[in-house]
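Have a look at the structure below, then the notes.
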Amino acid sequence: MSPGVEIELPWHAEPSFNCFGCSPHNPIGLKLRLRRLDNGDYATETVFSADYASYPGIVHGGIVHVLLDEVMGDTLALVHGMLAFSVTLRSKMLLPLRVGLPYLTTARITGQGNGVVHTEAEITGPDGEVHVMAGGTFQPIRSEQAKNLMELDEAAFGRVQHYFDHRTGES
């Protein structure tokens with residue numbers, strides 16, 4: 001992986017968050033660890049086990065999309081201090097990902113406006129070849145959405161409410 005600074009995701013300390021993508025506490029999750037690269041992008045290196053396969057030796061496409069969604073969403077959370085729901089995820093699967101090989105997923109923010117933030121990402125293989133290209137649109141989570149959908153008690157909501165009610169400017 002390119003040099004960069006590993007990021008400790010601030011919400012890992014919140015006991016009510018058990019994210020499938022990034023939580024180190026989720027026993028079946030991906031346990032992704034992000035780095036901030038020298039160019040400002042965020043990235044993670046992932047090696048999938050056969051537990052995440054569809055066809056023998058091939059990573060399931062749904063898991064690939066979880067990886068993309070997670071890295072793009074974490075990027076905007078780290079850059080803007082907000083949590084957001086994905087609205088769209090578009091991908092172009094150029095080559096399948098293989099079980100047991102290291103892949104680098106890199107993401108960045110590409111714009112914002114009309115209440116959403118736009119991101120893009122790619123997954124490259126060990127040979128440097130791009131396997132997947134993706135773009136995503138995310139909508140910041142509002143406090144009332146968090147309260148209604150996330151089943152946070154008042155104490156948990158108080159600890160994370162600074163991640164909600166962010167506005168996006170026009171791009």
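The values are calculated or read from the model by the stated rules, or taken from the named source; none is laboratory data. Here the structure is a predicted model, which is why all the values come from computation and not from measurement. Every residue, glycine among them, receives a Cβ derived from its backbone with ideal geometry; neighbour counts consider all protein chains shown. Heads up: the accessible areas ignore ligands, DNA and RNA and are worked out on the full protein's heavy atoms, side chains in. Shrake-Rupley method; radii C 1.70, N 1.55, O 1.52, S 1.80 Å.
The table below gives the values:
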item	result
Qualifying residue in segment 99-107 (condition: among the hydroxyl-bearing types (Ser, Thr, Tyr) and part of a helix (DSSP H, G or I))	no
Residue count for segment 83-118, restricted to those that are more than 14 Å from Val66 (Cα to Cα), open to solvent by 30 Å² or more (accessible area, probe 1.4 Å) and β-branched (Val, Ile, Thr)	3
Residue under evaluation Pro27, criteria (1) out of contact with any strand residue (DSSP E or B) (no Cβ under 9 Å at 6 or more places or on another chain); (2) modelled with pLDDT of 95 or more; (3) farther than 27 Å from Glu129 by Cβ; (4) not polar (S, T, N, Q), criterion not met	(2)
Conditions (1) part of a helix (DSSP H, G or I); (2) without any contact (Cβ under 8 Å) to a residue 40 or more places away in the chain; (3) open to solvent by less than 60 Å² (accessible area, probe 1.4 Å); number of the one not met by Ser23	(1)
The lone exception for Glu144 - which of (1) in a helix (DSSP H, G or I); (2) within 20 Å of Pro10 (Cβ to Cβ) it fails	(2)
Candidate set from segment 90-106 (those that are under 20 Å from Gly29 (Cα atoms) and of a type in the set (A, V, I, L, M)); member that is nearest to the chain's Cα centre (by Cα)	Leu104
Segment 31-73, subset touching a helix residue (DSSP H, G or I) at 6+ places or on another chain (Cβ under 7 Å), under 20 Å from Ala84 (Cα atoms) and free of Cβ contacts under 8 Å to residues at least 60 places away in the same chain, residue most open to solvent (accessible area, probe 1.4 Å)	Ile63
